[in-house]
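A.B. asks: I'd like to ask you about the structure that follows.
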Amino acid sequence: MLLLALLAVLIFGGTYVAITAGGDLFAPPAASGSPQRVVIRPDETTAAIADDLQRRGLIHSALAFRLWARYRGLDRHLQAGAYLIRPGMTTDQIVTTLERAVPDFVVVTVPEGLRVLEYPAYLRTLPKFDAADFLRIAQTGQFSGRERYWYVAPPAPGARYALEGYLFPSTYDIDPQATATDVVVALLDGLGQQLCPGPSQDPNRYIFDEALCVAHARIVDPATNVTIFDALARRHLTLEQALTLAAIVQREARSPAAKAGVASVYYNRYLAAANLQPGPDNGGPITLDADPTVQYAIGTAQTPWPVLRAQARTIAPSDAFNSYTHIGLPPGPIAGSGLDVLIDVIAAPLTDNYYFITGADHQMHFAHDYAEQQANLARYGTG
């Protein structure tokens with residue numbers, strides 16, 4: 001019946017490849033190997049899916065797949081998500097799997113540089129996800145299994161959200177039935193996998209045991225085998241402090257090329273604020289002077305990063321997140337940062353700069369002291 005139906009489709013379309021395509025329909029490729037993750041994106045065509053499946057060796061003929069999918073009306077039932085396709089499935093079995101419109105995983109992407117208030121907008125495709133519950137967990141840090149996450153520090157006094165900065169921004173395959181707690185767990189696991197990645201078939205193998213994690217830590221400098229924990233120790237930073245600096249750099253740096261330079265500036269200002277090295281101008285403690293921390297202090301769910309329409313030090317000056325009026329780091333991270341920025345904070349080469357501006361030329365210009373900063377302002381203006 002399948003062959004006859006396919007033949008009818010071919011005739012209807014005016015195409016005479018029935019013998020080849022019909023044979024391919026019933027002849028699955030080799031059955032060896034692990035299931036492959038096939039992602040169906042919103043509005044993706046069956047032609048694009050067919051080409052992807054053939055390229056992976058999961059079907060013999062993209063043409064046969066397209067014709068059979070058209071006959072079955074698959075293009076009207078496609079549900080975006082990730083599906084697990086086993087080698088050895090026939091074209092008809094693959095079409096049936098996709099036709100059921102229940103993906104094995106929902107693919108969600110949380111961008112870098114967001115505060116947790118912004119996360120729910122990127123998770124709303126999960127049918128069981130409850131945004132209010134998610135924000136409650138992020139604020140309190142309390143959920144079943146919290147004790148496993150040794151790398152999440154208790155919130156400092158003044159912190160808005162206990163899990164701010166720890167919910168790692170990335171792309172995830174999430175179970176369609178995932179709850180808010182399940183999502184929190186997935187994102188915290190994501191951070192752990194950056195610290196000490198396990199094998200591909202068991203990425204969480206080391207993350208819940210501190211000693212194992214340190215023993216299998218990510219290498220951040222292959223030339224010297226320096227690990228992420230070695231780099232933290234060398235910079236005299238806890239993970240929370242590094243995440244706090246990384247979040248500021250994530251929000252400040254205008255381009256990937258500028259991130260290492262901005263990271264060095266804020267790290268130097270952190271050292272001077274902590275009296276670990278003299279400041280550039282008067283030798284005394286200085287403040288971080290980071291606009292994004294002030295934006296965080298006054299931001300809301302509707303306007304998470306408001307434009308500062310007055311001098312930053314005059315806006316919510318008593319708020320502990322105002323890094324113009326408070327010496328040292330804010331009470332915690334202000335956003336989720338990417339691994340590259342975290343590595344810039346803890347391992348990129350240091351400069352002797354304490355200042356930077358984004359000029360009218362849209363480039364970042366760095367300075368060692370206030371006099372150089374003023375000269376840059378006069379020369380480049382602000383963008």
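The values are calculated or read from the model by the stated rules, or taken from the named source; none is laboratory data. If you're wondering where the values come from, they're calculated on a predicted model, not measured in any experiment. All Cβ positions, even for glycine, are placed from backbone atoms using ideal geometry, and neighbour counts span all protein chains on display. Calculation scope for accessible area: heavy atoms of the full protein, side chains included, ligands and nucleic acids excluded. Shrake-Rupley method; radii C 1.70, N 1.55, O 1.52, S 1.80 Å.
A.B. asks: Take the residues in region 290-309 that are in a loop (DSSP other than H, G, I, E, B), more than 19 Å from Thr358 (Cβ to Cβ) and not polar (S, T, N, Q), then tell me which one is most open to solvent (accessible area, probe 1.4 Å).
C.D. replies: Ranking the candidates gives Ala301 first.
A.B. asks: Could you count how many residues in region 116-166 are under 15 Å from Val183 (Cβ atoms) and β-branched (Val, Ile, Thr)?
C.D. replies: Matching residues across region 116-166 total 3.
A.B. asks: Now a separate question. Of everything in region 160-191 that's closer than 20 Å to Asp202 by Cβ and open to solvent by 40 Å² or more (accessible area, probe 1.4 Å), which residue is nearest to the chain's Cα centre (by Cα)?
C.D. replies: Ser170
A.B. asks: Could you count how many residues in region 328-354 are open to solvent by 40 Å² or more (accessible area, probe 1.4 Å) and within 14 Å of Asp291 (Cα to Cα)?
C.D. replies: So the answer is 1.
A.B. asks: For region 48-88, which positions are in contact with a helix residue (DSSP H, G or I) (Cβ under 8 Å, 6 or more places away or on another chain), under 21 Å from Asp104 (Cα atoms) and hydrophobic (A, V, I, L, M, F, W, C)?
C.D. replies: Ile49, Ala50, Leu53, Leu58, Ile59, Phe65, Ala69, Leu74, Leu78, Ile85
A.B. asks: Then there's this: Need the failing condition index for Thr97 against (1) in a loop (DSSP other than H, G, I, E, B); (2) free of Cβ contacts under 8 Å to residues at least 24 places away in the same chain; (3) of a type outside the set (A, V, I, L, M, F, W, C), just the number.
C.D. replies: Of (1) in a loop (DSSP other than H, G, I, E, B); (2) free of Cβ contacts under 8 Å to residues at least 24 places away in the same chain; (3) of a type outside the set (A, V, I, L, M, F, W, C), only one is false for Thr97: (1).
A.B. asks: Given the condition open to solvent by 40 Å² or more (accessible area, probe 1.4 Å), modelled with pLDDT under 90 and closer than 30 Å to Pro127 by Cα, answer yes or no: does some residue in region 4-18 qualify?
C.D. replies: Checking region 4-18: not a single residue is open to solvent by 40 Å² or more (accessible area, probe 1.4 Å), modelled with pLDDT under 90 and closer than 30 Å to Pro127 by Cα.
A.B. asks: All but one of (1) under 30 Å from the mean Cα position of the chain (by Cα); (2) open to solvent by 80 Å² or more (accessible area, probe 1.4 Å) hold for Asp75, so report the exception by its number.
C.D. replies: (1)
A.B. asks: If Pro157 meets every condition in (1) free of Cβ contacts under 8 Å to residues at least 60 places away in the same chain; (2) of a type outside the set (A, V, I, L, M, F, W, C); (3) surrounded by fewer than 19 Cβ atoms within 10 Å (Cβ to Cβ) apart from one, which number is that one?
C.D. replies: (1)
A.B. asks: If you don't mind, there's one more thing I want to ask. Starting from residues that are at pLDDT 95 or above and part of a loop (DSSP other than H, G, I, E, B), keep the ones in region 103-122 and report whichever is nearest to Leu84 (Cα to Cα).
C.D. replies: The residue in question is Val110.
A.B. asks: Say whether the condition of being in a loop (DSSP other than H, G, I, E, B), open to solvent by less than 20 Å² (accessible area, probe 1.4 Å) and in contact (Cβ under 8 Å) with a residue 40 or more places away in the chain is met by at least one residue in region 279-289.
C.D. replies: The answer is yes; a qualifying residue exists.
A.B. asks: Looking only at residues that are open to solvent by 30 Å² or more (accessible area, probe 1.4 Å) and under 14 Å from Ala335 (Cα atoms) in region 206-249, which one is nearest to the chain's Cα centre (by Cα)?
C.D. replies: This residue is Glu240.
A.B. asks: Residues being among the aromatic types (Phe, Trp, Tyr) and either touching a Leu at 6+ places or on another chain (Cβ under 9 Å) or not in a loop (DSSP other than H, G, I, E, B) (or both): count how many of those fall in region 201-229.
C.D. replies: Adding up the residues that qualify gives 2.
A.B. asks: When the residues of region 250-278 are narrowed to those that are over 20 Å from Asp369 (Cβ atoms) and assigned to a loop (DSSP other than H, G, I, E, B), which ends up most open to solvent (accessible area, probe 1.4 Å)?
C.D. replies: Ranking the qualifying residues of region 250-278, first place goes to Arg254.
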